[in-house]
Every structure is written in structure tokens, then in C-alpha cells.
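Computed from the coordinates by the stated procedures, all read-outs in this text should not be read as laboratory data. Source: prediction; values computed, not measured. Cβ: placed from backbone, ideal geometry, glycine included. Neighbour counts: every protein chain shown.
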Amino acid sequence: MDFDGFRTEKPDPNLKPDYSERFHIAGYTRIQQEEGYKFYQQWIAPGFPRFLIVEIQHANPYYVCYAGSGIGDTMPGPGLFRVK
């Protein structure tokens, strides 16, 4: 699986603590791995609500953080579609 925040493997026990300048916290990579694995454990648990994850990639040099809602859309759309 290659979704941000989703990790199917246990955290690396040999991971050296690093420091995140962005968040001003030590061991940030370790925290990411732990939380990603916790999310995976919840995801596969029997009582967890089922839903579909879709990762949309806008592969162009003018990336704008929205997805259109239909063919020919040029304005931001809701980005979510209901399948009937």
C-alpha cells in the first residue's frame, strides 16, 4: 500500500531518532511509522467502518489542489462522486 499515513509493516525497531525542523520534534519518522501502523491495525479490525480510498494524482506542472466534478470542468468541484 502506498497511501500517506497507512503502513502495513511494524515500525522499524532500528530506526535512529531524527529531528523535524518543521514540527520541532525529535523522532518524527518513528512517530509517523507508529501512527501509520496503528491506522492499518484499525483498518483491518472487524468493527472498523468500510470505505474505499482513492488517491488521485494530478501529474502536470501546474498542479492545483482540487479535482473537477465532471468532463470539461475548469472550476474547482466537490472532488467526491457518488456511485449508484
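The packing ranking, built from the mean of other Cβ atoms within 10 Å per residue, places the peptides 23-32, 7-16 in the order 23-32, 7-16, highest first. For every other residue with a beta carbon closer than 15 angstrom to the beta carbon of Gly27, add +1 if it is Lys or Arg and -1 if Asp or Glu, then tell me the sum. Neighbourhood net charge equals -2. A simple rule links phi to the HN-Hα coupling: the Karplus curve 6.51 cos²θ - 1.76 cosθ + 1.60 with θ = phi - 60°, which for segment 5-19 gives x, 10, 9, 7, 10, 4, x, 5, x, 9, 5, 6, x, 10, 10 Hz, with x for Gly and Pro.
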